[in-house]
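Provided herewith is a single structure, encoded as structure tokens, for subsequent inquiry.
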Amino acid sequence: MGKLLVVGSLNMDTVVNVSKIPQRGETILGKEISYIPGGKGANQAYAMAKLGADVAMIGCIGADANGVKLIQNLHAVHVNTKAIQVFEKQPTGTAFITVEETGENSIIVIPGANFELKREWIIEHQNYIDDCDVVVAQLETPIDSICAVAELAKQKGKKMLLDPAPACENLPESLLKNVSILKPNETELQILTGKPTNTEQQIVEAAKTLIDKGVEKVVVTLGEKGAILVTKNEYQMFPSKKVKAVDTTAAGDAFTAGLAFKLSEGCSCEEAIQFATKVSSIVVTRKGAQTSIPTYEEVLEV
Ligand code: RIB
């Protein structure tokens, strides 16, 4: 069994289902509202653990009911949450998600306690990095905390997988050179590089600019089209199974989790991507973030 560490965010998602995402200035009636455990970091940790990995998480929550529910959900799949810090004066992170009938969504995150994650906390808990095979992070916690994780992962010879979501322009090169695998979607790749990502060739060229800055491999997810693996000298396309999407929330998180899960078991990046595309193809057919994660057995049936 692989050992994984996730450093990242925990949010309680307020999800509203609508027929169509409203335009600017438009008022519409929603169909349903639900409160579902989410947060990119917690979704990834939950998914890895549900698939069967030994997972620990580092992050921050508030001393409130949402924080309690998020921890309970992680415990339900046996994630080690001892390094999740609880803050009295900050609320647990929240996200407001609108999901339309096509399955597409729009998300606003209020970081709350997630933004309290400090470099010092990471350094104090670096034994978690020693203890794992693969470290995974995203960008919903302060960039300095992520830089600290990547520095330590590199020093300790661990694989560092960064899901650069939500994407920002100009990620520090000092971070990129410590990243083994970067996993943006096409839009995030465009934001990260400032380059067009409309065609396969453009995606490969944009990904190569990140490799020139020190990233070892870039795995670009393309939604229903699958994913592309880009390395210094070549690239390979991985198509995904066609499914009817009802909610794309956490599809990227599930992909990251599937990828890290297989890498932690010693599989090649190619095998890991094939598995990850199957995990996310199930997630888009179910509603919600952590509520949509499949078991390992379910993935094998795809
Ligand atoms: O990737 C989906 C997640 O993004 C949601 O669960 C939400 O909390 C935001 O972090």
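The values are calculated or read from the model by the stated rules, or taken from the named source; none is laboratory data. Quick caveat, the model's predicted, so the values are computed rather than measured. Heads up, the Cβs are rebuilt from the backbone with ideal geometry, glycines too, and the neighbour counts pull from every protein chain shown. Heads up: the accessible areas ignore ligands, DNA and RNA and are worked out on the full protein's heavy atoms, side chains in. Shrake-Rupley method; radii C 1.70, N 1.55, O 1.52, S 1.80 Å.
Starting from the Cα-Cα distance between Thr102 and Gln236, subtract it from 0.36 nm times their residue separation and give me the gain in nm to one decimal. Don't skip to the end; give the middle numbers.
Details: separation 134, 0.36 × 134 = 48.24 nm, distance 2.84 nm.
45.4 nm is the gain from fully extending Thr102 to Gln236.
Leaving out ligands and nucleic acids, and using a 1.4 Å probe, what accessible area per residue does the chain come to in Å²? Before the final figure, lay out each step's value.
Working: 13300 Å² over 302 residues.
For the chain, the solvent-accessible area averages 44 Å² per residue.
Another one. If I model a spin label at Lys177 and Lys31 as a point 7 Å from the Cα along the Cα→Cβ vector, what separation in nanometres do I get?
Spacing of the two 7 Å Cα→Cβ label points: 5.1 nm.
Using the Cα centre of the chain as origin and beta-carbon charges of +1 (Lys, Arg) and -1 (Asp, Glu), tell me which of Ala153, Leu74, Leu229 is placed farthest towards the positive end of the dipole.
Going by the charge dipole, the pick is Leu229.
Then there is this: Calculate how large, on average over all directions, the projected area of the Cα convex hull of the chain is; give the answer in nm² to one decimal. Before the final figure, lay out the partial values.
Details: hull surface 59.0 nm².
For the chain, averaging the hull's shadow over all directions gives 14.8 nm².
Follow-up question, since we're still on this one. Rounded to the nearest percent, how much of the accessible area of segment 201-243 (1.4 Å probe, protein heavy atoms only) is carbon and sulfur? Can you show the working numbers first?
Numbers: 1090 of 2310 Å².
The computed percentage sits at 47.
Still on this structure: Hey, got a sec? Which GluC sites (Glu not before Pro) in segment 170-233 land in a DSSP loop and have at most 12 other Cβ atoms within 10 Å?
Values: sites: Glu173, Glu186, Glu188, Glu200, Glu205, Glu216, Glu224; in loops: Glu216.
Passing sites in segment 170-233 do not exist.
Then there's this: Using a 1.4 angstrom probe with every protein chain in place, what is the largest-first accessible-area order of Cys267, Cys60?
Details: Cys267 35, Cys60 0 Å².
So, going from the largest accessible area down, we get Cys267, Cys60.
Choose one answer from Gly67, Gly157, Gly93: the residue with the largest mean-square fluctuation in a GNM of the chain with alpha-carbon springs under 10 Å.
Gly157
Here's a follow-up. Between Lys20 and Asp130, what is the spin-label point distance in nm, taking each point 7 Å from the Cα along the Cα→C-beta axis?
So the label points at Lys20 and Asp130 sit 5.8 nm apart.
Can you give me the solvent accessible area of Arg119 with a 1.4 Å probe, rounded to the nearest 10 Å²?
Here the residue's solvent-accessible area equals roughly 60 Å².
Among the DSSP beta bridges whose two residues both lie in segment 184-302, what percent are antiparallel, rounded to the nearest 5? Please list the in-between numbers first.
Working: 8 of 9 bridges.
That works out to approximately 90 percent antiparallel.
Another question, if that's okay. If I model a spin label at Lys3 and Glu265 as a point 7 Å from the Cα along the Cα→Cβ vector, what separation in nanometres do I get?
For Lys3 paired with Glu265, the spin-label model returns 1.9 nm.
Still on this model: When the Cα centres of segment 206-235 and segment 1-57 are compared, how far apart do they sit, in Å?
Answer, in whole Å: 25.
List every residue whose amide H lies under 5 Å from the amide H of Lys3, counting only residues 5 or more places away in sequence or on a different chain, with H placed 1.01 Å from N in the peptide plane.
Asp133, Val134
May I pose another question? May I have the pair-distance distribution P(r) for segment 9-148, computed from all Cα-Cα distances with 10 Å bins from 0 and rounded to whole percent?
Per 10 Å bin, starting at zero, the Cα-Cα P(r) for segment 9-148 comes out as 12, 39, 31, 14, 4, 0 percent.
Under 19 Å Cα to Cα from Lys50, which lysines show up? Leave out anything in the same chain fewer than 8 places away.
Lys3, Lys40, Lys69, Lys82, Lys262, Lys278, Lys287
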